[in-house]
Amino acid sequence: MPRSRVSLSAAAVLAAAAVSVPAASQPAAEPPRVPPQGAPQVPGAVLEPVALKALPGWREDDGAAALDTFRRTCAGPGPNPPQVPAVTGSPADLAAACAAAAAVKPEDAKKFFEARFSAYRIVRPASGTEPERRVGFLTGYFEPELTGSLTPGPGYTAPVLARPDDLVSLAPGETAPGLDPIYRAGRRTETGLVPYPDRAAIEDGALGERTRPLLWLRDSVDLFVLQVQGSGRVRLPDGRGMRVLYDGKNGQPYTSIGKLLVAEGHLPINGLSLERWTTWLRANPDHARRLMRMNASYIFFRTEPVTDPALGPPGAAGVPLSPGRSMAVDGNLWRYGLPFWLEGKLPGQPGRGHLVVAADTGSAIVGPARGDLYVGTGAAAGRAAGDLHDRMGFVVLIPKPESAAKDDAAKDATVPEAAAGESRP
């Protein structure tokens, strides 16, 4: 089950409560919008057609990098289990766009996206007394780089556990007889599925011989970080590196340790970075054990070699993540492989927009205008991910039917390219 991540870092989870932020310029009395004729229908949003060429920053962004990520996502095995059938994005039209992308030259990347996709700005309609909300929320996540050993010993005390043989994971929307829907996995018994043990029980040895340690990390805080991010790289004492990947979870509800630290008054919400809360946990081991056990969710892993250090772990789409170009979305709403244009300035990125590809998901990534950008590997990426929690506009690119895409491409070829800053009639 190649899902790379199950949740955000603590600071990002806290920030994610503001899934969409009211735009100051929007009047509170504006009537609800109705979907434009022919626009896809997405729960909780209205999709308004926009022209890609008219988007600020479209010309300046690196289309070749986005095309490379799109091709890589196209070539993946796809999610396992598959997404629910109702997600937005026709699989046939997306497959046709993927096939067409194979022959596109890097310098023609922008023309490819313009010809093969229809762009729609994601607008959150009015809700009760709230005005229409035009912008969504973007956070960042990363792949931690940790130290570990294949054998336990001084400095290596926290076991990274393999998937147990009695764990049964439920697909999105799937339920099991006798198992409360709050649980997303169960334990196989002779009489059916029962809730899987929680974090505290697993740490106390509830799984017995049902699982085995893959390796050992230096302490329980590093293990907790690995489980929060869902994957990571581990450096062994002999200098070799390996990738530790998500291989299932116990299905128990997730509780953000960041929220617990703030609620109990241990740390302020402002500046609650990964480095800050992990430092606090190590300095307060008694509180740390209690707080970490309040998160009943527990993640299991598998290992594999690091084949390309420039790429991240596989996301939910089953392909390695591209730093700055792969984004986690709500997998119950959007099909993996759809490109998205981020309308806003990203930290450390030039220009006024950024083209990314949906390739992952996360338990805190909920709603049509919500994204989590994969930033990269290591400590620097972790700091960048912690700093990324901003209001952001989202434009989704929906693949056109094959016949329409060919007709539009033929028409586009007869119109001279407009100069930078000009709009085409």
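Quick notes on this one:
- Filter result for LEU146 (assigned to a strand (DSSP E or B) and touching a Gly at 6+ places or on another chain (Cβ under 6 Å)): yes
- Test: residue in the stretch 253-263 that is β-branched (Val, Ile, Thr), at pLDDT 95 or above and open to solvent by less than 10 Å² (accessible area, probe 1.4 Å): no
- Those residues of the stretch 226-239 which are touching a strand residue (DSSP E or B) at 6+ places or on another chain (Cβ under 9 Å) and open to solvent by 50 Å² or more (accessible area, probe 1.4 Å), in sequence order: ARG235, PRO237
- Of the residues making up the stretch 101-113, those that are open to solvent by 30 Å² or more (accessible area, probe 1.4 Å) and assigned to a helix (DSSP H, G or I) number 5.
- Criterion applied to LEU215, LEU245, LEU223, LEU193 was being open to solvent by less than 30 Å² (accessible area, probe 1.4 Å) and either assigned to a helix (DSSP H, G or I) or free of Cβ contacts under 8 Å to residues at least 60 places away in the same chain (or both), and the one residue passing it is LEU223.
- Verdict on LEU338 being open to solvent by less than 10 Å² (accessible area, probe 1.4 Å) and at pLDDT 95 or above: yes
- With a requirement of 3 or more residues that are under 26 Å from PRO85 (Cα atoms) and either within 13 Å of the chain's Cα centre (by Cα) or without any contact (Cβ under 8 Å) to a residue 12 or more places away in the chain (or both), the strands (runs of 3 or more DSSP E) lying completely within the stretch 280-393 that satisfy it span 326-328, 353-360, 370-377.
The values are calculated or read from the model by the stated rules, or taken from the named source; none is laboratory data. As the structure is a computational prediction, the values presented were derived from the model and not from experiment. Because the Cβ atoms are built from the backbone with ideal geometry, glycine has one as well, and the counts that use them run over all protein chains shown. Heavy atoms of the whole protein, side chains included, go into the accessibility calculation; ligands, DNA and RNA do not. Shrake-Rupley method; radii C 1.70, N 1.55, O 1.52, S 1.80 Å.
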